[in-house]
Amino acid sequence: MAAPAREPQAVLSWLRFFRSELRITFYRKRNLALLAVAAVFPLLLGIVLKISAPTGGGPNDTTNAAFFSQLAGNGIFLSFIALSTMLTLVMPMLVGVVAGDSVAGEAGNGTLRYLLAVPAGRTRLLAVKYAMIVVFGLAVTLVVSAMSLAVGAVFFPIGPVTLLSGDTVSLADGLLRLALITVYVAAAMAQLGALGLAISTLTEHAIGAIAAVLVLVVASEVAASVPQLGSVAPYLPTYWWVGFDALLRSPLDTTMLAKGLLSFGVYAVLAFLCAWARVTSSDVTS
Amino acid sequence: MHAVTTSGLTKRFRGGQLAVDGIDLAVPGGSVYGFLGPNGSGKTTTIRMLLGLAFPTSGSAELLGVPVPDGVTRVLDRVGALVEGPAFYSFLTGEANLARFDAADRTVDPATARARIGEALDRVGLVPAAGKKYRQYSLGMKQRLAIAASLLRPRELIILDEPTNGLDPQGTREVRALIRQIAADGTTVFVSSHLLAEVEQICTHVGVMRTGRLVFQGSLSDLRRTGAARIRVQTSDVETAVKVLADLGLVDPQAGDGEASAMLAGRSASTEPERICAELVQAGVGVREFGVVAPSLEDLFVNLTGEGFEISG
C-alpha cells in the first residue's frame, strides 16, 4: 500500500475502532444505568428544593448560598446547584466506574489479550479507551445540565439571570454561560477520566481500580479543605472542579478559568503518559 | 520458510522462576505443528511471547519472518490465535463479539466484515447461536466462537491452545477436520494440546517441552523413530516364547498375561519379524497373534517428559 494511502486508512480504522468502543459502551446496561442516575439526581434535587424552598445559607460555601437564594427566582440556577453538588462525589463516581473499568475490565475479562492479538495496538487501544472515557464524561455532564435545566424550568420561573458579580444578563446569555460551564465540567471529568485510566492500567480488577479513583477524589477534596494545606490545595486535582463560577461573573474571571483548565490539562497529560508507559512496557498476563 | 522461529528464547519471571529456557523453535511453513508438554512446562508462556503479550527476558523470536514483539502490529493480522481459553464480552451476542474484534483490526476491509463474520460462524457451526448473548453460551459454543474469531480473515499462521477443550465428539471431529482443511489451504497450524491421540491424527511435526526446555523437535515420524518397536506374541505358552525371544538376542523380553514381548532393536537377519515368527513356531509355541507394535505417542511423550505426577514448574 502506498504511503499516502496509509494515512487516511490509519485514521479511518482508528475511527472504526472508536465507533465500536462507543457502541458497546452506550449499549451496556450498566452504563445506561449510570446515565440514568445522572438524570434522576437533578430531578430529586429539584423536587427537594421546591418543597423545602431554601432562602439562602446553603450547606457549603458562599457560592452555593448565592445559588440557593437565587433559585426561587430563576430555575436556571438548579443547573448550577446540581453541577456543584454532584461534582463532589456523584459525577466522579459515574465517570470513575467507566474509567476504572476501561483497561482493568478488559484484563479481568480476558479480552485484553485478544484485542492485542488482533492486533489493536497497545497505544491505539489506550487512545480509543481514553477517547471513550472523555465522551462518556461529556455525556454525563450533558445529562446533568440538560436534566437540571429542564427540571428547573418546570418547577421555577425562568428569566434573566443575576450573576454572582451582581449584574443581570439575558436568559440567552445565561444559557450560553451554562453551555460553557458544561464544557468546563466535562473537561474536569476528562481530567478525572485520565487519572482513572492510569489507575486502570495497574490492575486486572476493575472494582479495585474504581475504588482507587474514588479514594483519590475523596482524599483530594479532604486535603483541599484542610487549612494547613492551603498552599498545596491549588495543585490538587479536584481543587478547580467547582471553579466554573468564574463563568458566572461579568466580566468573566478568565484567570480562574485558565488556571482550572491548565490543571485539568496537565493532570490529564501526565496521567495518560503514565498509562501509556505502563501499557507499552508490561507483560499482559490476563 | 519457517512460520515461527525462535533463537534462545528465554523468560525469567520477577521472582526468579525460569519459565522458558533458551528454546529454538522451528515451525515449518504449511505444517501442522503439535506443541506438547506437561502442565507448567512453559508452553503458554512461549505462546504469549510469540504473540507479543509477554516480553522475552532474552533471545529472539520471529513470526512469519517478522521479529516479535517489536513488529507485532505488522504481522499479527496474518496470525489467528486462541490462547488459554475463549474470552468475549458477556453482554454482546456472538456475532456482535466478532464484529467488535473485527473493528479493532486496522488493515481489514470493513465492507466485507459482515460476510467474513458470517463465514467464520458457518465454518464452526455457530450460525444458529449467533444472535444469542455470549453469557448464554455453553463451553463448547464459547470454544467454537474463539476458533471463529481466529478465522475472521485469511491467516498464514493459526496458533491454537487446546482447541478441542470442552467440545462434544462431533465438535472435536469438526475441529480436527477444520484444522486439516486450514492446513490444506497452506496455513501453518500451531496446536498446543494434551490429547496425544488427536495430535497423532492431525500433526505433521511436534515440539515437546519439559521444564522450559525443548526436549524434542521434528517430524512426527522422526519422533516415532526415537522409540523402538516391540515384537508382541499372544500365546498360551508364554515362558517358552520368552525364552525363544531371549535366545534370539532380543532386548528386554517381557512375559505378560497371555503374551510375550521383546524390543525389536535393529534389523539384522536374525531379528526380522518373519524369522522370529518362524523360530517361535518351530519351538512349538502356539502363536495366536503376532505383530510389530510401534510405541504409542503417549509412551514416547512420557519418556521425553518424565513419569512424575507432580507438575514440573
Taking Cα atoms only, helix A:62-71 is inclined relative to the longest principal axis of chain A by an angle, in degrees rounded to 10, of 70
Counting only trypsin sites (Lys or Arg not before Pro) that sit in a DSSP loop (anything but H, G, I, E, B) with at most 11 other Cβ atoms within 10 Å, what is the longest stretch of chain B containing none of them? B:15-266
Mind checking the log10 I(q)/I(0) for chain A at q = 0.08 Å⁻¹? Debye, one equal scatterer per Cα, no solvent, two decimals. -0.38
Can you classify the stretch B:95-198 as rounded, prolate or oblate using the Cα gyration tensor, where a ≥ b ≥ c are the square roots of its eigenvalues, rounded means a/c under 1.5, and otherwise it's prolate if a/b beats b/c and oblate if not? oblate
Could you work out, residue by residue across B:83-90, how many beta carbons of other chains sit within 10 Å of that residue's beta carbon, and then give the average as an integer? 4
Karplus-derived 3J(HN,Hα) from phi for the stretch B:76-87 (6.51 cos²θ - 1.76 cosθ + 1.60, θ = phi - 60°), whole Hz, x at Gly and Pro, runs 5, 6, 9, 10, x, 8, 9, 10, 6, x, x, 8
Amide H proximity to B:ARG210 below 5 Å, modelled H, separation 5+ or other chain, gives B:VAL215
Efficiency of FRET from Cβ geometry, B:VAL127 and A:MET93, R₀ 25 Å, rounded to 0.05: 0.05
Sort all Cα-Cα distances of the stretch B:1-150 into consecutive 5 angstrom bins from zero, then give the percent of pairs in each bin up to the one containing the longest distance. 2, 9, 16, 17, 16, 15, 13, 8, 3, 0
Which percent, nearest 5, of DSSP beta bridges in chain B are antiparallel? 65
What shape does the stretch A:139-286 have by the C-alpha gyration tensor, where a ≥ b ≥ c are the square roots of the eigenvalues, rounded means a/c under 1.5, and otherwise prolate means a/b greater than b/c and oblate the rest? prolate
Is there a simple number for the mean count of other chain Cβ atoms within 10 Å of the Cβ of residues in A:107-115, and what is it? 5
For the stretch A:201-216, in order, what is each residue's ³J(HN,Hα) by Karplus, 6.51 cos²θ - 1.76 cosθ + 1.60 with θ = phi - 60°, in whole Hz (x at glycine and Pro)? 6, 8, 8, 9, 9, 4, 5, x, 5, 4, 4, 5, 4, 5, 4, 4
Per residue, how big is the convex hull of the stretch B:119-172 when only Cα atoms are used? Give it in Å³. 81
0 to 90° range, to nearest 10: angle between helix B:169-184 axis and chain B longest Cα axis: 80
Note: B:LEU18 to B:ALA115 extended length (0.36 nm per residue) minus current alpha-carbon separation gives 30.5 nm
From the phi angles alone, apply the Karplus equation (6.51, -1.76, 1.60; θ = phi - 60°) to the stretch B:218-227 and give each ³J(HN,Hα) in whole Hz, x where the residue is Gly or Pro. x, 6, 5, 5, 4, 5, 5, 5, 6, x
Name the residues whose placed amide hydrogens come within less than 5 Å of the amide hydrogen of B:VAL20, ignoring near sequence neighbours (fewer than 5 apart) on the same chain. B:LYS11
What does the average come to when, for each residue of peptide B:145-153, you count the partner chain Cβ atoms lying within 10 Å of its Cβ? 1
In which sequence would B:GLU174, B:GLU298 go, from the one with the fewest C-beta neighbours within 10 Å to the one with the most? B:GLU298, B:GLU174
Could you estimate the translational diffusion coefficient of the stretch B:137-288 from the Stokes-Einstein equation, with Rh from the Kirkwood formula over C-alpha pairs, at 4 °C and 1.567 mPa s, in whole µm²/s? 68
Here the percent of antiparallel bridges among DSSP beta bridges lying wholly in the protein assembly as shown, to the nearest 5, is 70
Using the Kirkwood radius over Cα pairs of the protein assembly as shown, the Stokes-Einstein translational diffusion coefficient at 10 °C and 1.306 mPa s, in µm²/s and rounded to a whole number, is 55
Overall dimensions of chain B by Cα: Rg and Dmax, Å: 24.0, 77
Name the shape class, rounded, prolate or oblate, that the alpha-carbon gyration tensor gives for the stretch B:56-96, where a ≥ b ≥ c are the square roots of its eigenvalues, rounded holds for a/c under 1.5, and otherwise prolate holds if a/b is larger than b/c and oblate otherwise. prolate
Mean shadow area of the stretch B:198-311, taken as a quarter of the surface of its Cα convex hull (nm²): 8.6
Taking R0 as 45 Å and r as the Cβ-Cβ distance between A:VAL218 and A:THR254, the FRET efficiency 1/(1 + (r/R0)^6), rounded to the nearest 0.05, comes to 0.90
Backbone N under 14 Å from the B:THR204 label point (7 Å along Cα→Cβ), restricted to the stretch B:167-189: B:179-189
Per the rule of 0.36 nm per residue minus the C-alpha distance, extending A:ALA277 to A:THR203 adds in nm 25.2 nm
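Read-outs throughout are calculated quantities, based only on the coordinates presented, and are distinct from any laboratory measurement. A quick note: this is a predicted structure, and the numbers were derived from the prediction, not measured. As a convention, Cβ positions derive from the backbone with ideal geometry for all residues, glycine included, and neighbour counts pool all protein chains shown.
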